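These notes concern the structure reproduced below.
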């Protein structure tokens, strides 16, 4: 008979969903430096903490010195839409979509901005034919498909002599995958994915070509105050030194600072990438040892090392829902059901803030949940 006894060893920090995900090891509220709470974000102290956060992002992520980094409202969605609303329309646009968030940017371009983009799609688990991209266009894409587990292999497909802008939603890629900065004009992310931070704020990184676009082009549509990055035809530089457009959560900022300082402590960018790669390898070993598990992204070259999406043999949406609930009820893993628009399956977060031992401990729990439901 199948042993339906729950495994004894639970992951010590069982946060496996793709976001919000695990806090960095050692995180505790009392370890945050909270002197900025209750103070204005426009005070000397508040602006200093915001600038420190920006400086740490530059240092740990190894962002080039001539790229601007801003903390903006609305999480990654807000950052992407700020770029789209302020920069698109100057030339033709191509949008790439192979998962739900990429489809969201397609919807923005087609139904909201009405710019009639060229749309290049692929099914969940795959990336489109990147050779079809016309770099005389502005191009909007996700670097890593959070809901499909498929990523671009590198930046080689982005033209060095491009006429258009490359606008990358990299919210589940940064700090875990190599970013070809010389091929990127706009990059966005949010703290709650790879840094395990609190939500609400996004990070917008602008290269020199993006700044040139902002200062030379005025869109035909109205811009909400939250999207405005220029005044009198010049970039509002304060946005990129800690003078945020609207009031930020200083608690969320302190939480991000903790995560970035932790990132430095584990070896910076290379150390965080190594942790994510080790976690993905541990999960891959679990998949390879089980004939009922598979990768939604079949090609290792384009398979995510952060938001890893798995197939479960014979599973439908109800089975996956019961599977995830069973593990959550036992405190073994939380929120590991695949995204609602994706094919039924699991989604396991393998970013740097997760310990490899906890990924390894998940294997027996997956076996137990599968056997329990099948019986």
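Annotations
- For region 267-374, dividing the convex hull volume of the Cα atoms by the residue count gives 101 Å³ per residue.
- Three-way shape call for region 15-165 based on the alpha-carbon gyration tensor, with the a/c threshold at 1.5: prolate
- Bridges between two residues of the chain, per DSSP, are antiparallel at a rate of about 60%.
- Taking the longest Cα principal axis of the chain as reference, the axis of helix 317-329 is set at about 80 degrees.
- Gyration tensor verdict on region 29-263 (Cα atoms; rounded if a/c is under 1.5, prolate if a/b is larger than b/c, oblate otherwise): prolate
- Beta-bridge orientation, region 118-261: approximately 55 percent antiparallel, per DSSP, counting only bridges with both partners inside.
- Fluctuation leader among 172, 43, 75 - the chain, Gaussian network, Cα springs under 10 angstrom: 43
- Most mobile listed residue (63, 72, 354) in the chain, GNM with C-alpha springs under 10 Å: 63
- The chain: angle of helix 356-374 to the longest principal axis, Cα-based, in degrees nearest 10: 60 degrees
- Modelled spin labels at residue 372 and residue 261, positioned 7 Å past Cα toward Cβ, are 3.9 nm from each other.
- Sites residue 313 and residue 161, calculated FRET efficiency, Cβ-Cβ separation with R0 45 Å, nearest 0.05: 0.45
- Nitroxide proxy distance, nm - points 7 Å out along Cα→Cβ at residue 180 and residue 341: 2.6 nm
- Cα-based shape type of region 63-147, given that a ≥ b ≥ c are square roots of the gyration tensor eigenvalues and the cut on a/c is 1.5: rounded
- Distance between the modelled labels on residue 251 and residue 110, one decimal in nanometres: 4.0 nm (7 Å Cα→Cβ projection).
- Look at the alpha carbon pairs under 8 Å that are at least 6 residues apart: their mean separation over the length of the chain gives a relative contact order of 27 percent.
- Between residue 288 and residue 32, the C-beta separation translates, for a Förster distance of 45 Å, into a calculated FRET efficiency of about 0.70.
- Most to least packed among 189-200, 364-375 [average Cβ atoms within 10 Å]: 189-200, 364-375
- Only helices enter the 222 nm calculation for the chain: every DSSP H run of n ≥ 4 contributes -39,500 (n - 2.57), and dividing by all residues gives -10000 deg cm²/dmol, rounded to 500.
Laboratory data are not the source of any read-out in this text; all were calculated from the coordinates shown. Quick caveat, the model's predicted, so the values are computed rather than measured. We place every Cβ from the backbone using ideal geometry, glycine too, and count neighbours over all the protein chains shown.
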